[in-house]
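First the structure, in the form of structure tokens, and then the observations on it.
The values are calculated or read from the model by the stated rules, or taken from the named source; none is laboratory data. Quick caveat, the model's predicted, so the values are computed rather than measured. Methodologically, a virtual Cβ is constructed for each residue, glycine included, from the backbone with ideal geometry; neighbour enumeration extends over all protein chains shown. Accessible surface is based on the protein model in full, side chains and every heavy atom, while ligands, DNA and RNA are left aside. Shrake-Rupley method; radii C 1.70, N 1.55, O 1.52, S 1.80 Å.
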Amino acid sequence: MKAKTISATDKPAGGGLRNSSVYPWIVVGLLWVVALLNYMDRQMLSTMREAMAVDISALEDKILFGKIMAAFMWIYGLMSPLSGIVADRVNRKWLIVVSLIVWSAVTLMMGYASTYEQIYWLRAAMGVSEALYIPAALSLIADYFTGKQLSLAIGIHMTGLYMGQAVGGFGAFVAEHISWQSTFHWFGMVGIAYGVVLVAFLHEKRRYSVETPAEVRERAPLGEVLRNNGRAIAASLGMLFTCAAFYAILFFFATSSIPGWATKNWLPTLFANNLGIEMKWAGPIATITIALASFIGVMAGGPLADRWSRRNLRGRIYISAIGLGMMVPALVLMGYGSSLAAAISAGLIFGLGYGMFDSNNMPILCQFVPSRSRGTAYGIMNMSGLFIGALATDVLGRLAANDMMGLGFACMAGAVALALTVQLTVLRPTTLNKE
């Protein structure tokens, strides 16, 4: 019996909204909420450290707290390539749903933790579940938007991450009013409930054929299926690691992840120290300024990149490079600024540049990597970004213990300048969407 496949030309059963021209934007909207929950749940811990330390004294030690934050990133990084490989080969709707429900359950359980070890292992478990989301979500959006509006669609999705970061910045404020335990409980329950919404309204779409597990079992013995999958994975990895452009993308993505993670994990602490203010105010200042500016960067940079790329195939690369260029002086100002005006200015400039950069990573990848390997490619990119980000988080924790975190932020500017040089020198695309 011939196996049924899902392809780009198939119309899903049920018709109606799923086949309409507006449905791709509904997908972006549905995933926007998941992105918000993704970053909100991970960001809350960085701003609620002081409130939690009242009950869990080990969290008062900044080095130990840095190890908790780094544990998430190491696990997330280790899982990312596997998550990308899985996303290229299974129904991404269910991968996203399972990921959301699991990390939301972990968030809920954080509210019951009473020891440092429990927080550490729950944070590590969150790294496993959250790693499943990004490669699946971005490759799904890329299959709904194949060219003209891809940067805008990816950018809008990324604003969900920024909004989650901003909302997570209020963790200390909320914890002060309802307790840190209740904060974790409520946000965890919201995520689990939203998983039910995704089950009803989110649908898969592939640019290439995919068989269901039952059809695969019917078609071939398990041993043959495993061998075929192994060869397919090896071919995909071989294609990526013989592509010079992928190495360049991997380098500038990983290098730019250093300040990306540093601002998420340590900027509230840096602002609290430099400005001499309480964490419940430093958290929102650090997260809201970057999130607001990133939103503007995405909404401006996405359409500009889409428009520029129709006239010049390097248009998306140029917009991304402008964003990287803005991040360089912002990082220096973050490190050495000692006034509220300097802190806000640094956050706004950094966020604007990061939004322009972030909205074009997957669209640039699509110019060099075909659809069937994009989840794998982005998973590898995530791994590289997380590993170097974890190292930076650990180093910044040690610098914070010696009141030298500002120097660490300023040094990141040099790394970003190098990434910008590699990006402009190496990447020369020949198409908007490689198939």
**Message:** Here is a check on your reading of the model: is Met404 over 30 Å from Glu435 (Cβ atoms) and without any contact (Cβ under 8 Å) to a residue 24 or more places away in the chain?
**Reply:** yes
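Here is a yes/no grid of residues against (1) part of a helix (DSSP H, G or I); (2) within 30 Å of Ala305 (Cα to Cα); (3) open to solvent by 40 Å² or more (accessible area, probe 1.4 Å):
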position	(1), (2), (3)
Ile154	yes, yes, no
Leu161	yes, yes, no
Ala166	yes, yes, no
Val174	yes, no, yes
Gly191	yes, no, no
Val197	yes, no, yes
**Request:** With the condition kept exactly as written, say whether any residue in segment 373-388 is of a type in the set (D, E, K, R), part of a helix (DSSP H, G or I) and open to solvent by 10 Å² or more (accessible area, probe 1.4 Å).
**Result:** no
**Request:** Search segment 87-103 for residues being open to solvent by less than 60 Å² (accessible area, probe 1.4 Å) and at pLDDT below 90, and hand back the single one that is nearest to Ala200 (Cα to Cα).
**Result:** Val90
**Asked** When the residues of segment 126-148 are filtered to those that are farther than 16 Å from Val369 by Cβ, of a type outside the set (A, V, I, L, M, F, W, C) and modelled with pLDDT of 85 or more, which remaining residue is farthest from the chain's Cα centre (by Cα)?
**Response** Tyr144
**Message:** Name the residue that is farthest from the chain's Cα centre (by Cα), counting only residues in segment 279-307 that are farther than 25 Å from Gly155 by Cβ and without any contact (Cβ under 8 Å) to a residue 40 or more places away in the chain.
**Reply:** Trp281
**Prompt:** Taking segment 389-433, which residues are assigned to a loop (DSSP other than H, G, I, E, B) and either open to solvent by less than 80 Å² (accessible area, probe 1.4 Å) or of a type outside the set (Lys, Arg) (or both)?
**Reply:** Asn402, Asp403, Met404, Leu427, Pro429, Thr430, Thr431, Leu432, Asn433
**Fill in**
Picking from Ile119, Ile178, the residue that is open to solvent by 30 Å² or more (accessible area, probe 1.4 Å) and more than 27 Å from Arg206 (Cβ to Cβ) would be Ile178
**Complete:** Of the residues in segment 337-363, those that are crowded, with 22+ Cβ neighbours inside 10 Å, among the hydroxyl-bearing types (Ser, Thr, Tyr) and assigned to a loop (DSSP other than H, G, I, E, B) come to Ser359
